[in-house]
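A.B. asks: What follows is a single structure, and I will ask about it in a moment.
The values are calculated or read from the model by the stated rules, or taken from the named source; none is laboratory data. Values in this document were obtained by computation on a predicted structure and should not be read as measured data. Cβ coordinates were reconstructed from backbone atoms using ideal geometry, including for glycine residues, and neighbour counts include every protein chain displayed. In case anyone asks, the SASA skips ligands and DNA or RNA and just uses the protein heavy atoms, side chains included. Shrake-Rupley method; radii C 1.70, N 1.55, O 1.52, S 1.80 Å.
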Amino acid sequence: MQQKLNSLKLDVLEKIKSLKTESEVIDYRNAIVGKNGSLTEILKWIKDLSVEEKQTIGKLSNDIKVAILEAFEMRLKEIKKIEVEAKLANEFFDVTTPASSDTKIHLHPITAVLRQVEDTFKRMGFDIFESNEVTTEFFNFDSLNIPATHPARDMQDTFWLEWMGNVLATQTSSMQNIIMKSQKLPIKALIPGRVFRNEDIDATHENTFYQVEWMVIDKNISLANLKYTIKTMLSDLFGKEVEIRLRPGYFPFVEPGVEVDFSCTFCDGKSPCRVCKWSSWIEFMWAGLIHPNVLTNAWIDPEIYSGFAFGFGLNRLAMIKYNIPDIRYFQHPNLSFLKQF
Ligand code: PHE
């Protein structure tokens with residue numbers, strides 16, 4: 001019996017050294033000390049031995065079991081160490097290596113045009129205020145001279161939230177009152193943001209889209225400042241000098257209000273043009289001088305201060321710039337569309 005145990009011990013310890021993987025170790029351990037393992041089977045005989053034998057053999061077998069279990073543990077640790085070392089050797093990653101030249105970061109087209117717009121105006125000393133997506137009825141409508149009964153509310157079919165008086169912002173103009181009240185005068189603000197309207201969705205209408213708006217408040221601000229700013233911005237954006245044309249437009253929070261077109265930068269006005277549809281003007285934005293009531297709602301004296309605001313849809317700008325035919329593409333997680341930018 002003693003011999004059997006000792007030779008088993010030697011065999012097992014020898015074999016353990018040759019095991020290569022964690023699962024090999026575990027399988028072999030089960031084969032030796034598991035429920036029906038060979039050592040376990042031998043130990044079952046101990047109960048039939050005499051008292052003296054039990055003392056010697058019992059102690060010996062217990063020592064052997066402990067030694068074998070220890071050897072298994074050791075081997076497992078060794079294997080893990082070898083695995084980690086192999087990983088470190090094979091998966092070496094030099095964090096100081098310069099980025100490979102074919103790594104291309106893809107900005108979403110909305111982000112790309114927004115960054116371009118922001119760059120121009122940061123240089124001109126504008127502060128950027130991202131528009132709140134959830135706002136109140138007061139900021140979205142009342143503060144902008146659009147009281148509850150005003151028909152202009154119908155133009156922006158609004159998502160009302162269950163909390164009393166809260167809405168999903170329908171326009172970045174909903175930030176005007178907030179900015180006027182929280183900033184020192186004069187104010188030069190650029191307000192990008194995501195806005196929501198209950199639209200019937202088609203190639204040019206989405207219920208979720210992006211606007212960007214500008215607001216300037218100072219002494220002696222006139223329509224001339226507005227025209228100059230818009231013309232400069234559009235020329236910068238399209239990389240060549242553009243002409244602008246103002247048409248009367250109605251928004252309750254500006255007086256006078258205008259819609260702004262710019263001369264088509266994509267055609268010569270003679271051949272068919274998909275962008276301006278041969279009119280050689282692109283209808284693009286809304287603008288106006290801030291209505292005195294809107295200033296008063298933010299505790300600004302309209303006798304001393306005046307201001308202008310203008311804005312446009314960023315989706316539309318990206319569609320014009322990148323020749324994107326359908327507004328629905330912007331919200332779809334379609335990688336082959338997004339990777340083009
Ligand atoms: N907020 C208006 C809209 O979404 C656009 C606008 C902005 C008009 C600034 C005038 C001045 O329809």
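A.B. asks: So for each of 165-177, 185-197 I average, over its residues, the number of other beta carbons within 10 Å; can you give me the resulting order with the highest mean first?
C.D. replies: Values: 165-177: 22.9, 185-197: 19.2.
In decreasing order of mean packing, 165-177, 185-197 become 165-177, 185-197.
A.B. asks: Determine the relative contact order of the chain: mean sequence separation of Cα pairs under 8 Å and six or more apart, normalised by residue count, in whole percent.
C.D. replies: On the way: 487 pairs, mean separation 51.1, N = 341.
RCO, the chain: 15 percent.
A.B. asks: I want the local charge near Ile304. Using Cβ-Cβ distances under 13 Å, sum +1 for each Lys or Arg and -1 for each Asp or Glu among the other residues.
C.D. replies: Working: positive: Lys219; negative: Asp218, Asp301, Glu303.
Residues close to Ile304 contribute a combined charge of -2.
A.B. asks: Turning to a different aspect of this structure: Can you give the FRET efficiency for Asn323 and Ala31, using 1/(1 + (r/R0)^6), R0 = 45 Å, r = Cβ-Cβ distance, to the nearest 0.05?
C.D. replies: Values: r = 69 Å, r/R0 = 1.54.
E between Asn323 and Ala31, to the nearest 0.05, is 0.05.
A.B. asks: Let me ask you something else. I want to verify a result. In a Gaussian network model of the chain, Cα cutoff 10 Å, which of these has the top mean-square fluctuation: Val25, Val260, Val212?
C.D. replies: Largest GNM mean-square fluctuation: Val25.
A.B. asks: To the nearest 20 debye, what is the magnitude of the charge dipole of region 2-91 about its Cα centre, counting +1 on the Cβ of each Lys and Arg and -1 on the Cβ of each Asp and Glu? Before the final figure, lay out each step's value.
C.D. replies: Working: 17 positive and 16 negative charges, 31 e Å.
Charge dipole, region 2-91, about its Cα centre: 140 debye, nearest 20.
A.B. asks: Quick one: pull the percent of accessible area on the chain belonging to carbon and sulfur, 1.4 Å probe, ligands and nucleic acids left out. Walk me through the numbers on the way to the answer.
C.D. replies: Numbers: 10870 of 19930 Å².
Looking at the chain in its full context, I get 55 percent from C and S.
A.B. asks: Counting alpha carbon pairs within less than 8 Å and at least 6 residues apart, what relative contact order, in whole percent, applies to region 2-91? Intermediate results must be reported in sequence, preceding the final value.
C.D. replies: Details: 45 pairs, mean separation 35.5, N = 90.
The value is 39 percent.
A.B. asks: Can you give the local net charge around Leu13? Use residues other than it whose beta-carbon is closer than 11 angstrom to its beta-carbon, Lys and Arg +1, Asp and Glu -1.
C.D. replies: Working: positive: Lys9, Lys15, Lys17, Arg75; negative: Asp11, Glu14, Glu70.
Net local charge, Leu13 excluded: +1.
A.B. asks: Once you put a point 7 Å from the Cα of Thr96 and another 7 Å from the Cα of Lys15, both along the Cβ direction, what distance in nm separates them?
C.D. replies: 5.0
A.B. asks: Using only Cα atoms, locate the centre of region 259-325 and the centre of region 84-144, then give the distance between them in Å, rounded to an integer.
C.D. replies: First find each Cα centre; the distance between them is then 25 Å.
A.B. asks: Follow-up. Can you list residues from other chains, or at least 5 along the same chain, whose modelled amide H is less than 5 Å from the amide H of Ile290?
C.D. replies: Here Glu255, Gly307, Phe308, Ala309 satisfy the definition.
A.B. asks: Name the residue farthest towards the positive end of the dipole of region 109-338 from the options Ser271, Asn140, Asn177, assuming +1 on Cβ of Lys and Arg, -1 on Cβ of Asp and Glu, about the Cα centre.
C.D. replies: Checking the options against the dipole of region 109-338, the answer is Ser271.
A.B. asks: Which cross-chain or sequence-distant (5 or more) residues have an amide H under 5 Å from the amide H of Ser131, H modelled 1.01 Å from N in plane?
C.D. replies: It is Gly193, Arg194, by chain and number.
A.B. asks: Between Lys270 and Asp202, what length comes free when the chain is fully extended (0.36 nm per residue of separation minus the Cα-Cα distance, one decimal in nm)?
C.D. replies: Working: separation 68, 0.36 × 68 = 24.48 nm, distance 2.97 nm.
That pair, Lys270 and Asp202, stretches by 21.5 nm at full extension.
A.B. asks: Pick from Glu199, Glu243, Glu52: which residue has the top mean-square fluctuation in a GNM of the chain where Cα pairs under 10 Å get a spring?
C.D. replies: Checking each option, the largest mean-square fluctuation is seen for Glu52.
A.B. asks: Moving to a separate point now. Based on DSSP H assignment, which helices of the chain show an axial Cα extent of at least 15 Å together with a mean Kyte-Doolittle hydropathy greater than or equal to -1.0? Walk me through the numbers on the way to the answer.
C.D. replies: Values: long enough: 2-18 (25 Å, -0.64); 22-33 (16 Å, -0.12); 51-90 (58 Å, -0.25); 109-123 (22 Å, -0.34); 223-238 (23 Å, 0.49).
Within the chain the helices that satisfy the rule are 2-18, 22-33, 51-90, 109-123, 223-238.
A.B. asks: May I ask you to derive the relative contact order of region 109-192, considering only C-alpha pairs under 8 Å and at least 6 residues apart, and to give it as an integer percent?
C.D. replies: Values: 86 pairs, mean separation 34.8, N = 84.
After rounding, I find 41 percent.
A.B. asks: Further question on the same structure: Given a 1.4 Å probe, how much area per residue of the chain is accessible, in Å²? Please report the intermediate quantities before stating the final value.
C.D. replies: Details: 19930 Å² over 341 residues.
Solvent-accessible surface per residue comes out at 58 Å².
A.B. asks: Right, something else. Which of Asp27, Asp200, Asp326 moves the most in a Gaussian network model of the chain with Cα springs under 10 Å?
C.D. replies: Asp27
A.B. asks: For Gln340 and Lys184, what does the FRET efficiency come to when R0 = 25 Å and r is the distance between their Cβ atoms, rounded to the nearest 0.05?
C.D. replies: On the way: r = 43 Å, r/R0 = 1.73.
According to the calculation, E is roughly 0.05.
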